[in-house]
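The values are calculated or read from the model by the stated rules, or taken from the named source; none is laboratory data. Just so you know, these numbers come straight off a predicted model, no measurement behind them. Positions of Cβ are backbone-derived with ideal geometry, glycine not excepted, and every protein chain shown enters the neighbour counts. Accessible surface is based on the protein model in full, side chains and every heavy atom, while ligands, DNA and RNA are left aside. Shrake-Rupley method; radii C 1.70, N 1.55, O 1.52, S 1.80 Å.
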Amino acid sequence: MTEPLGPKAIPGFPRHVRFQFDAVRERWVVLAPERMFVPDEQAVEILKLVDGLRSVESIAAELAARYQAPEDIVLADVAVMLADLAARGALQVA
Amino acid sequence: MTLSPPLGLLAEITHRCPLQCPYCSNPLELVARSGELPTETWLDIIDQAAALGILQIHFSGGEPMARSDLAQLIARADQCGLYANLITSGVQLTPETLAPLVAAGLPHVQLSFQDIETAAADTMSGYRGSLEKKLAAARHVTAAGLSLTANFVIQRENCARVPEMIQLGLALGVHRIEIAHVQYHGWSMVNRSRLLPSREQLDAVTAAVEQARAAHAGRLVIDYVIPDYYADYPKACMAGWGRRFINVSPAGNVLPCHAAETITAAPIPNITTASLAEIWNESALFNLYRGTGWMAEPCRSCERRELDWGGCRCQALALTGDAAATDPVCSRSVDRPKIDAALAEAASGDADLVYRRYGGAPSLSAVIARSGATKQSRARDGSGLLRSARNDDKK
C-alpha cells in the first residue's frame, strides 16, 4: 500500500510524462515510457489541477469548493490517487 | 463488435546498424538503404497513425539514428501528439546528434546494453568500444533532461551480471530498466543453442530482479522479460495479434509484429498501396489471427485464450510449421517436446555465434538444420555456416 502524499507536497508531471486528451477515444490519458494510464473521471479533474506549483491541499480545496464536498474527504482521495501515480513513476513530488 | 484502434506504432525506419548482435530481432533478410521509405512517406505514416488513434511511436531499426531525417520524424510525431520513444544502440549518440532530437520534442530514449564488461560487450555487439560509447550516450541523454531506459539484453553469458546491471542503471540515473531475456526469432533462432540460459541461471536472474524491484519501489520501474521457453504458458505476444500494435518495416511493410514477414498465409500489406486504417481494419494479414475465432484446440476451449491470445504466431510457425498452432511453449501444446529438446540441446550448445550482417544470414533450411542439429552435425554445419556468412559479408 502506497503512503498518501502529505498535504504540503507539490505534485508535477515530469518532462517525460504527458497528460493529454485522446481525441480518437474521447478520454484523457497519461503517457509515459512504455506505459499508459487511463484516469477515471475524478482522477482527470485532479490531474487537470496538477501544475508543479499547487500543493495537494490546494488542489483538494479547489475541488471541495467546486463540488461542495467535505474538504477532509476530498483531501484523502487526492492524496491517495496522486501517490499511486507517483509510485508508478508518472508524477514527481516536490 | 467494433474493432479498437491501435495504441502503438513500431517504426523500424532502417535496418542499417553499426552493431551486429547475433540475437537481433530483425528478419534474416535485411532491407538495404536503397529500399527504405523516403521521408515524406514516414511523415504521412505518422499523420495517419495519429488519426487512427495511435498514442505512442517507437523509432527503432536497425539503428534509427542512422537516418538523417530522424529529428524531422520526431518533430512530426510530437506535433501530432504521439509520445515518441527512441530505441537506440547509442553508439552514434553525442551531444551534437542528440540536440536536434531534443529540440524536436523527444521525451524518452531507450538505450540497449549487450553487457557491462567491455570485452564481453564487444563480442556480443560485434562492435569494438561499444560499452564506453553507450555509457557516454546515457550521460548525454540524462544531461539533456530526457527520460532514459536502460535495456539490458540477457542471455546465458551475461545473466550472472544482472545485479550489477541494475546498479549501473541506478548510477546512470535511469527511470526505467528492462531486463529482457532474448526471444528466439530470426537471428537469435540461428544462435539459440549459444544463448539460452539454464533453468538455474534464469531463476537467479528472476530473484535478482524481484529483490531490486522491492529495494527501489517508487523510484525505479523494472520491466522483466523471461525466455518464454521456460514458461508453462505462452506470452501474450504483442498483447494479441492485431489488437494493440502496428509494425512498419523500413520498406513500408505493415505488420502485426516485427517477425510477421515469416507468415505466408496472407499477403504482406504495404503502406505504399493501402492506408494504415485500411490495413489495420481490413487486411487479411491483420485479421488472420485476430481475436479467438481462428484458434484450434487446445486454445479454442482454454480459459486462458483471452489472456495469452494463443501466444506467438511466428514462434508457432517456426517451430511447428503451422502458424495457427498453439504456441509450442505452452504446456498444453502437443509440440512442447520441441521446446524441451531445444533446452536440452542448449545445455551442451557451443556453436560459434552467427553475427547479424547484410548478407550474413544462413538459408532458412540451414537455420532449421542448425537449430535442430545434433552436436556432431552442428560441429560440421555450424562452422561452415559461420565461415560462409563472414565471407558473404566481405563481398
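Only one of the numbered conditions (1) over 12 Å from the mean Cα position of the chain (by Cα); (2) acidic (D, E); (3) farther than 25 Å from B:A84 by Cβ is not met by A:E34, and that is (3). Every condition in (1) in contact (Cβ under 8 Å) with a residue 60 or more places away in the chain; (2) surrounded by 15 or more Cβ atoms within 10 Å (Cβ to Cβ); (3) outside any strand (DSSP E or B) is met by B:L307 except one, and the failing one is (2). Candidates B:T272, B:T264, B:T292: the one that is in contact with a Lys or Arg (Cβ under 9 Å, 6 or more places away or on another chain) and open to solvent by 20 Å² or more (accessible area, probe 1.4 Å) is B:T292. May I ask you to verify whether B:T123 is at pLDDT below 95 and open to solvent by 20 Å² or more (accessible area, probe 1.4 Å)? Against the criterion (at pLDDT below 95 and open to solvent by 20 Å² or more (accessible area, probe 1.4 Å)), B:T123 qualifies.
Within segment B:199-210, the residues that satisfy the criterion of being closer than 16 Å to B:E157 by Cα and open to solvent by 40 Å² or more (accessible area, probe 1.4 Å) are B:R199, B:E200, B:Q201, B:D203, B:A204. Only a single criterion out of (1) crowded, with 22+ Cβ neighbours inside 10 Å; (2) within 14 Å of chain A (Cβ to nearest Cβ); (3) in a strand (DSSP E or B) is not satisfied by B:F152, namely (2).
Yes or no, residue by residue, for (1) within 14 Å of another protein chain (Cβ to nearest Cβ); (2) open to solvent by 30 Å² or more (accessible area, probe 1.4 Å); (3) over 27 Å from B:F286 (Cα atoms); (4) under 18 Å from the mean Cα position of the chain (by Cα):
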residue	(1), (2), (3), (4)
B:N191	no, no, yes, yes
B:A212	no, no, yes, no
B:R219	yes, yes, yes, no
B:P227	no, no, no, yes
B:Y233	no, yes, no, no
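For segment B:1-16, the candidate set comprises residues that are away from chain A (no Cβ under 14 Å) and under 16 Å from B:I279 (Cβ atoms); within that set, the residue that is surrounded by the most Cβ atoms within 10 Å (Cβ to Cβ) is B:A11.
Taken over segment B:312-334, the criterion of being of a type in the set (D, E, K, R), surrounded by fewer than 24 Cβ atoms within 10 Å (Cβ to Cβ) and under 18 Å from B:A259 (Cβ atoms) is satisfied by B:D322 alone.
Considering only residues in segment B:172-189 that are aliphatic (A, V, I, L, M) and over 21 Å from B:T206 (Cα atoms), the one that is farthest from the other protein chains (Cβ to nearest Cβ) turns out to be B:M189.
Can you pull out every residue in segment B:321-365 that is touching a Lys or Arg at 6+ places or on another chain (Cβ under 7 Å) and not in a loop (DSSP other than H, G, I, E, B)? Correct list: B:A342, B:A346.
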